[in-house]
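Written below as structure tokens is the structure these notes are about.
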Ligand SMILES: [Zn+2]
């Protein structure tokens, strides 16, 4: 008896909403002309390829989907956009690793790297103290930030603590949502500390 269980089936690919690993924008990724999706024999898994709709980018992504078109994994993984201009290299590198961990769904590792970026920020600004809590406190007299962002720094410290320890004390978990907000908050803090000055200078340079 012949059972064709190992037969692959080409499927016309649909557009997929993805955050581009290249340009960082969320876009409706298009199938590639004449390249069909393939259903994996004896599974409910579909494999496909898509490209970023941004004409300047056109990053090529491999996707694993369900038969219903839900994305299981994509490669290169989705990556939150981060402009590292004017940020000291060690901090930018650590924070980029946090973003890469998030893309790989390694949320606890991402939480630890966010905390490390804060440690490096304090070190760069010579904010001293025995603990990170004390160093953040002394940072208040060194850099000018809106009070809410200082509160945010302390929340990020606690997120990093929870990521480091086996049992979460402050947050319900160190998962996708906590890390995504943590990354956005860190971006705002880094922007305020390192990038705003440069932007103001560029604006001033345009005056007559
Ligand atoms: Zn792109």
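If I fit a long axis through the Cα atoms of helix 196-205 and take the longest principal axis of the Cα atoms of the chain, what angle between them do I get, 0 to 90°, rounded to 10?
80
Top mean-square fluctuation among 149, 67, 159, Gaussian network model of the chain, C-alpha springs under 10 Å?
Highest fluctuation of the listed residues: 67.
Set the Förster distance to 25 Å, then compute FRET efficiency between residue 68 and residue 96 from the Cβ-Cβ distance, nearest 0.05.
In this case the efficiency is close to 0.15.
How many nm separate the modelled label positions at residue 84 and residue 154, each set 7 Å beyond the Cα in the direction of the Cβ?
Each label point is offset 7 Å from its Cα along the Cβ direction, giving 3.1 nm.
Please give the calculated 222 nm ellipticity per residue for the chain, where each DSSP H segment of at least 4 residues contributes -39500 (n - 2.57) and the sum is spread over every residue; nearest 500 deg cm²/dmol?
Calculated at 222 nm, the ellipticity per residue is -13000 deg cm²/dmol.
Sorting 23, 101 on the 10 Å Cβ count, fewest up front, what's the list?
The order, fewest Cβ neighbours first, is 23, 101.
Using Cβ counts within 10 Å as a stand-in for footprinting exposure, how do 29, 150 rank, fewest first?
Exposure proxy ranking, most exposed first: 150, 29.
Have a look at 160, 152, 197 and tell me which one the Gaussian network model of the chain (Cα, springs below 10 Å) gives the largest fluctuation.
Residue with maximal mean-square fluctuation among 160, 152, 197: 197.
Once fully extended, how much extra length lies between residue 207 and residue 133, figured as 0.36 nm per residue of separation less the alpha-carbon to alpha-carbon distance?
22.5 nm
At 0.36 nm per residue, minus the direct Cα-Cα distance, what do residue 23 and residue 141 gain on full extension? Give it in nm, one decimal, please.
Taking residue 23 through residue 141 to full extension adds about 38.8 nm, to one decimal.
Given that compact globular proteins tend to follow 2.2 N^0.38 Å, what is the ratio of the alpha-carbon Rg of the chain to that value?
Scaled against compact globular proteins, the figure is 1.31.
Taking neighbour Cβ counts within 10 Å as the exposure measure, how do 178, 167 sort from fewest upward?
Lowest to highest Cβ neighbour count: 167, 178.
From zero up to wherever the largest Cα-Cα distance of the stretch 75-129 sits, split into 5 Å bins and tell me the percent of pairs in each.
Spelled out per bin, shortest first, that is 5, 22, 26, 22, 15, 7, 3, 1, 0.
Let's test the formula: R0 of 41 Å, r as the Cβ-Cβ distance of residue 58 and residue 181. What FRET efficiency results, to the nearest 0.05?
0.85
Points 7 angstrom from Cα along the Cβ direction at residue 30 and residue 8: gap in nanometres?
It is 2.4 nm.
At a Förster distance of 22 Å, what's the computed FRET efficiency of residue 200 paired with residue 126, Cβ-Cβ distance as r, to 0.05?
Between residue 200 and residue 126 the formula returns 0.45.
Each reported figure results from applying straightforward, stated rules to the coordinates on display, with no laboratory input. All values reported here derive from a predicted model rather than from experimental measurement. Quick reminder, even Gly has a Cβ in these numbers, built from the backbone with ideal geometry, and neighbours come from all protein chains shown.
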